[in-house]
Amino acid sequence: MSNPQAIVDLTHEVRRLAKSKISDINDINRETTFLALNALIEAARAGNAGKGFAVVANQVKHVSRRISEITTDLNKDLAGSLSTLTQLGDSMMERLRSHDGQRCADLALNMIDVIDRNLYERSCDVRWWATDSAVVDCLASDDASSAKHAGERLSVILDSYTVYRDIWVVDAHGFVVTNGRPGLYSVRGQNVAGADWFKSAMKTSSGAEYVACDVEALAQMHHSQVVTYSTAIRGGGRANGRVLGVLVIFFDWAPQAGAVVKGVRLSEEEWTRTRCMIVDSAFRVIAASDGQGLLTERFRLQTDGRQTGFYRAADGTIVSFAATPGYETYRGLGWYGVICQKPA
């Protein structure tokens, strides 16, 4: 039973052969019956000289009738049983596919749940670090030493939190005042006032709010794939303080997401025919176990309004999916975990 589909396919082949051979026997038997009838006609014409031949012809006719009865019974019993067997086999395979589809849907949910829990931490980090006294003082005063101290503080944070590319402090006019990795990313003095994450963060009504953006390859990050989180920096680090500027953090997406989609619990055999992905709300592939189509491929996921489920694609591939459930205060961005598995 290492390959149930092979057994079912063999059953279909046996059924096909049985029907074909029974049909061949019937064809030959009809020809034999026709020949026997012709022989009887010729024997009758021959009169007494054909009586012996008539006996043989009648016997052939009798044998032909018995063959017809046997093939009828064989077709009824054997072909009928094989038909039932193939239906049972097909039903078994459908149940197996449904089981595998549901299992992969559960694994897809686990993938996106791991992503959500990870990104929830990022939403906490940005709100917490925006209240850091060094960050607040950097914007509250025009002292160059304050900006230097804030940059050093961000550098210490980045040394401990290795999942980030960089952290920026941006003033209320959109100028980058300092960042944690100036040696790697020369962004100080750049104006980012047109960035959606900046404009949205400046409009937040309290320190409890934050902005989360979809994955993008950011030019300032040397085109690395990042997930951007931002929030307002407020006077005194208070939740309702006056907005002084914005703190923005860049989550290093590719290695973290790659570890998730490549870490799904599948057997070696399953991995040879399986692709695991994370797609965003526009069904853009933002992570894939095969590393293909990142940020360029649109996967036509057919959810039919469901949060989780599976379906069979035209080529027989089982597509299982699960929408982001969110975690704690992180609502998610409408992403999906997707697992595509070709039949064994």
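The values are calculated or read from the model by the stated rules, or taken from the named source; none is laboratory data. Keep in mind it's a predicted model, so treat the numbers as computed, not measured. All Cβ positions, glycine included, derive from the backbone under ideal geometry; neighbour counts span all protein chains shown.
Does LEU119 satisfy the condition of being under 30 Å from SER320 (Cβ atoms) and either without any contact (Cβ under 8 Å) to a residue 60 or more places away in the chain or not acidic (Asp, Glu) (or both)?
yes
Would you point out the residue of the range 144-170, among those that are buried (at least 19 other Cβ atoms within 10 Å of the Cβ) and touching a residue at least 40 places away in the same chain (Cβ under 8 Å), that is farthest from GLN256 (Cα to Cα)?
VAL170
Limited to the range 227-242, what total is found for residues that are surrounded by fewer than 18 Cβ atoms within 10 Å (Cβ to Cβ) and hydrophobic (A, V, I, L, M, F, W, C)?
1
Before we move on, is ALA232 modelled with pLDDT of 95 or more, part of a loop (DSSP other than H, G, I, E, B), touching a helix residue (DSSP H, G or I) at 6+ places or on another chain (Cβ under 8 Å) and in the same structural domain as ASP166 (by TED's automatic domain parsing)?
No; evaluated as a whole, the condition is false for this residue.
Tell me yes or no: at least one residue of the range 207-228 is touching a residue at least 40 places away in the same chain (Cβ under 8 Å), part of a helix (DSSP H, G or I) and touching a strand residue (DSSP E or B) at 6+ places or on another chain (Cβ under 6 Å).
Yes - at least one qualifying residue is present in the range 207-228.
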